[in-house]
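Report on the structure given below.
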Amino acid sequence: MLYLFKGRGKVISEPLAVLISLMLYLSVRNKLLVVLGIVAFTAYPLLEATLYRFVVELLLIEPETIVVDYVEILYLILVSILLYSIRYFSKIGRIELVNKIYQIAQELVDSENKTLITGWLRAVFLELVFVVITLIQIFAVLVFSFYLNKNFGFLALLMVLVGLAFVGVVSAKEYLIQKKLRYNKILRKNKKGDIQIKSRVRASETVALFVNCIVMIWIILVFFLGHLDEMHGIDGLMMILLIRYTGITFTSQASSVMRLVRGYVYSESQIRQLLKLVG
């Protein structure tokens, strides 16, 4: 994703700088909620992995030796409720946070008698927050991967870096395409919109295809580690679940990044205007 920090676009760095600067205008309560949200986002994949491990261990118990443990059942219920609560409040909280930041940006612009900002900026912030969340979760998965198995951890780190680099390359190319389409005066407005959406979806699916290939290679290498006695049965299943989780996260992140790219193209001047105000 380092490609996104180069060149004229700065699709990630400029909106992120504006977002962080505007967050300083939030109340103390809202700042604490943001910190709490970051902790929850980091814990989410780890809690989910713990839940999967617990379920796998139950499934591997011989039927005739199963003893009903109400403490374990209560643990399963509580972790499940916690996971779904984090998912629910993260989605609602993300929208509320973006709305507050957008309102702060609007007030800053109004106070300086600048041009009114458009809804594209809200869309950019919304997608940017999601991208940051997924990066945090991927980092948490990497940490847990090293905890499971050092070799698997290094393998996970390599695969994640390759995936991020590919997302960066495709996103940088998509930025140039969206930029050209926006200022193309020959295409009709509806035709231009069709091509923009098609290009964005094609870029997202290209990343998804590449990530699925990485996931397949990753799983094959995990089986290879298994034959070298580098992992145990339950840990091997956990690794495959983590691989699948990372693949899904990457796919969702890619779609979000492509929407971010398109939104940035339509709000580039507004973002730089805000950079001057808050910088």
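All of the numbers you see were taken from the coordinates with simple rules; none came from a lab. Just so you know, these numbers come straight off a predicted model, no measurement behind them. FYI the Cβ positions are ideal-geometry reconstructions off the backbone, even for glycines, and counts take in every protein chain you see.
General remarks:
- Inter-label distance, nm, simple model (7 Å from Cα along the C-beta direction), Ser111/Arg202: 4.5
- Across the options Val207, Thr42, Ser90, the greatest Cα extent toward the positive end of the charge dipole of the range 2-278 (unit charges at beta carbon of Lys, Arg, Asp, Glu) belongs to Val207.
- Over 26 Å between alpha carbons, listed pairs Lys91/Lys173; Lys10/Lys276; Lys10/Lys192: Lys91/Lys173
- Residues Ser80, Ser199, Ser27, sorted so that the one with the fewest Cβ neighbours within 10 Å comes first: Ser27, Ser80, Ser199
- Of (i) 55, 47, 41; (ii) 74, 41, 32; (iii) 63, 58, 40, the label for Cα extents along the principal axes in Å derived from the coordinates: (ii)
- Two-site FRET efficiency, Lys100 against Phe223, from Cβ-Cβ distance with R₀ of 35 Å, rounded to 0.05: 0.15
- Computed on the range 2-278, with alpha-carbon pairs under 8 angstrom and 6+ residues apart, the relative contact order is 32 percent.
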